[in-house]
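The values are calculated or read from the model by the stated rules, or taken from the named source; none is laboratory data. Nothing here was measured: the structure is a model prediction, and the numbers come from that model. Cβ placement follows ideal geometry from the backbone for every residue including glycine, while neighbour counts extend to all protein chains displayed. Accessible surface areas use protein heavy atoms only, side chains included; no ligands, DNA or RNA. Shrake-Rupley method; radii C 1.70, N 1.55, O 1.52, S 1.80 Å.
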Amino acid sequence: MRYRYVGRLGIVGGMLLAGCHEATPVAANTTPTVPVAQVTRQSLSDELTLTGEFTPFQDVDVMAKVAGYVKTLRVDIGDHVKQGDLLATLEVPELQDEMGKAAAEMQATQADITTAEGSVRRAQAAYDIAKLSFTRIQNVSKKEPGLVPRQEVDVAESHQLEAEAQLASAQSALQAAKQHGVQADSERMRAGAMLQYASIKAPFSGVITKRYASTGSMIQAGTASQSQAMPVVRLAQNNVLRLMLPVPVSAVAEVRVGQAVDVNVVTLGKTIRGKVTRFADSVETATRTMETEVDVPNTDGTLVSGMYAEVHLHFAPRSNVLSVPLDAVEGLGTSLQQAYVFRVGVLHLVQVKTGLQTAARVEILSGLEDGEKVVVGRHTGLSDGEKVQAQPASYEPTESHS
């Protein structure tokens, strides 16, 4: 029994070994398979959702033109003011003294002008008499030679010339007095204008968002050379607010002034219809975005500066344009955009130019043709000229591929 059992094992083992030697190995398929999608013509429309922060239409620190002490402060945080309203009054004794001096100088100058005008009138009268006397003596001397001594004629002529010189001098003195009066009046107007700056008024209608000074505070003149000058208050215009939107470079070409937007203020649960008001027309190198502004009316004051809003920017639809899935193009939004095209079992790397992007597809402006098949998904490990097998992507209809 023992030997028979061993024999049977040997027979079975031999059969197994024979079977192993007779089996034919299957060759492994080394050609990779890639998912592809077809370049097709479609109508594309899209909207871009961006987040923006409300900022005042205008927001300034109200500075003082002249240095002085705060005499009265008529506003506080949260007060609404209109353009031209008085915000604060400064006490500036130096300007008041200058105003008094300028007024006194004007009075003195006016007196000098009056005196000079009197001198001109006297000199004019003396000149007229001297001229008349010389004319009469000269006429008599011509009609009756020898009747009037020549010396008297010369003396009369001399008196005329002297009176003429005195008249010219008086007229010059009057002109100088008048010029001095113009200078004095200019100084008085300058002092008056500077004194008006002691009354600080609102440059536009808005709300006081910050108060820097109090009654008795020393305020420096807000000039360019004094950067440490303290403002009086901060004023913000809030009847219209700005929304600053960073539009990505891929959508820059679609932005237009007047373009419709929907502003969704999540904290208030309301949506406001708005329009693009202005844009920078320049892309920031660091962020690859273009600053775009939307003005939002805030007549009821429910919107507050600093709130965030979702802005839906609507783009004009494109009809019957070439398009591919987004993941078919490498480098979207950059200067080098590429796609792998499947042609007769071989991959070809081509450069493409894109246009409008939607949530799933991107418009192809150049580089691809209608009906071509492009690789979708990850392109890592693929190379130009590589032989592959194509398989329709999960969102593509099944069809035969070469």
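Of all the numbered requirements in (1) part of a strand (DSSP E or B); (2) surrounded by fewer than 14 Cβ atoms within 10 Å (Cβ to Cβ); (3) not small (Gly, Ala, Ser), Thr267 misses one, and that requirement is (1).
Part of a helix (DSSP H, G or I), within 30 Å of Val153 (Cα to Cα) and of a type in the set (Asp, Glu): does that describe Asp112? Against the criterion (part of a helix (DSSP H, G or I), within 30 Å of Val153 (Cα to Cα) and of a type in the set (Asp, Glu)), Asp112 does not qualify. Residues in the stretch 39-64 that are closer than 30 Å to Ser205 by Cβ and of a type in the set (Gly, Ala, Ser): Gly52, Ala64. Please enumerate the residues belonging to the stretch 277-301 that are closer than 23 Å to Ala236 by Cβ and open to solvent by less than 40 Å² (accessible area, probe 1.4 Å). Selection gives Thr292, Glu293, Val294, Asp295, Val296, Asn298. Of the listed requirements (1) open to solvent by 90 Å² or more (accessible area, probe 1.4 Å); (2) more than 30 Å from Ala193 (Cα to Cα); (3) modelled with pLDDT under 90, Glu47 misses just one: (1).
Answer yes or no: is there a residue in the stretch 305-328 that is open to solvent by less than 30 Å² (accessible area, probe 1.4 Å), in a loop (DSSP other than H, G, I, E, B) and closer than 17 Å to Thr33 by Cα. No, the stretch 305-328 contains no residue that is open to solvent by less than 30 Å² (accessible area, probe 1.4 Å), in a loop (DSSP other than H, G, I, E, B) and closer than 17 Å to Thr33 by Cα. None of Met194, Met189 is of a type in the set (A, V, I, L, M, F, W, C), open to solvent by 70 Å² or more (accessible area, probe 1.4 Å) and under 60 Å from the mean Cα position of the chain (by Cα) except Met189.
Tell me yes or no: at least one residue of the stretch 190-200 is out of contact with any Cys (no Cβ under 7 Å at 6 or more places or on another chain) and farther than 30 Å from Ala236 by Cα. It would help to see each step written out before you state the result.
Step one: of the stretch 190-200, the residues out of contact with any Cys (no Cβ under 7 Å at 6 or more places or on another chain) are 190-200.
Now restrict to residues that are farther than 30 Å from Ala236 by Cα: 190-191.
Yes, the stretch 190-200 has at least one match.
Close contacts from the stretch 57-81, counting a first residue that is within 20 Å of Thr209 (Cβ to Cβ) and a second that is part of a loop (DSSP other than H, G, I, E, B) and open to solvent by 70 Å² or more (accessible area, probe 1.4 Å), with Cβ to Cβ under 6 Å and a gap of 6+ residues or different chains, come to Val70/Thr215; Leu73/Thr215. The number of residues in the stretch 329-359 being farther than 13 Å from Ser250 by Cβ, hydrophobic (A, V, I, L, M, F, W, C) and surrounded by 14 or more Cβ atoms within 10 Å (Cβ to Cβ) comes to 7. Check whether at least one residue in the stretch 241-258 is open to solvent by 20 Å² or more (accessible area, probe 1.4 Å), among the aliphatic types (A, V, I, L, M) and part of a strand (DSSP E or B), and report yes or no. The answer is yes, given that some residue of the stretch 241-258 is open to solvent by 20 Å² or more (accessible area, probe 1.4 Å), among the aliphatic types (A, V, I, L, M) and part of a strand (DSSP E or B).
Every condition in (1) in contact with a Phe, Trp or Tyr (Cβ under 8 Å, 6 or more places away or on another chain); (2) in contact (Cβ under 8 Å) with a residue 40 or more places away in the chain; (3) outside any loop (DSSP other than H, G, I, E, B) is met by His348 except one, and the failing one is (2).
Being touching a helix residue (DSSP H, G or I) at 6+ places or on another chain (Cβ under 9 Å) and either open to solvent by less than 40 Å² (accessible area, probe 1.4 Å) or under 17 Å from Gly52 (Cα atoms) (or both) narrows it down to one residue among Gly181, Gly206; which is it? None of the other options fit; the residue is Gly181.
Here Asp61 meets the list (1) of a type outside the set (Gly, Ala, Ser); (2) at pLDDT 90 or above; (3) assigned to a helix (DSSP H, G or I) almost entirely, failing just condition (3).
How about the stretch 126-164: which of its residues are in contact with a helix residue (DSSP H, G or I) (Cβ under 9 Å, 6 or more places away or on another chain) and either on the phi > 0 side of the Ramachandran plot or among the small types (Gly, Ala, Ser) (or both)? The answer is Ala126, Ala130, Ser133, Ser141, Ala156, Ser158, Ala163. From the list Ala102, Ala156, Ala130, Ala116, the one residue that fits, being buried (at least 18 other Cβ atoms within 10 Å of the Cβ), over 30 Å from Ile219 (Cα atoms) and in contact with an Asp or Glu (Cβ under 9 Å, 6 or more places away or on another chain), is Ala130.
Is there a residue being at pLDDT below 85, more than 29 Å from Met244 (Cβ to Cβ) and surrounded by 15 or more Cβ atoms within 10 Å (Cβ to Cβ) anywhere in the stretch 378-398? Among the residues of the stretch 378-398, at least one is at pLDDT below 85, more than 29 Å from Met244 (Cβ to Cβ) and surrounded by 15 or more Cβ atoms within 10 Å (Cβ to Cβ), which makes the answer yes.
No other residue among Gly68, Gly52, Gly78 is within 41 Å of the chain's Cα centre (by Cα), modelled with pLDDT of 80 or more and exposed (fewer than 11 other Cβ atoms within 10 Å of the Cβ) apart from Gly78. Within the stretch 141-168, residues that are without any contact (Cβ under 8 Å) to a residue 12 or more places away in the chain reach partners that are assigned to a helix (DSSP H, G or I) and open to solvent by less than 90 Å² (accessible area, probe 1.4 Å) with beta carbons closer than 6 Å, at six or more positions or on different chains, in the pairs Val148/Ile137; Val148/Val140; Val148/Ser141.
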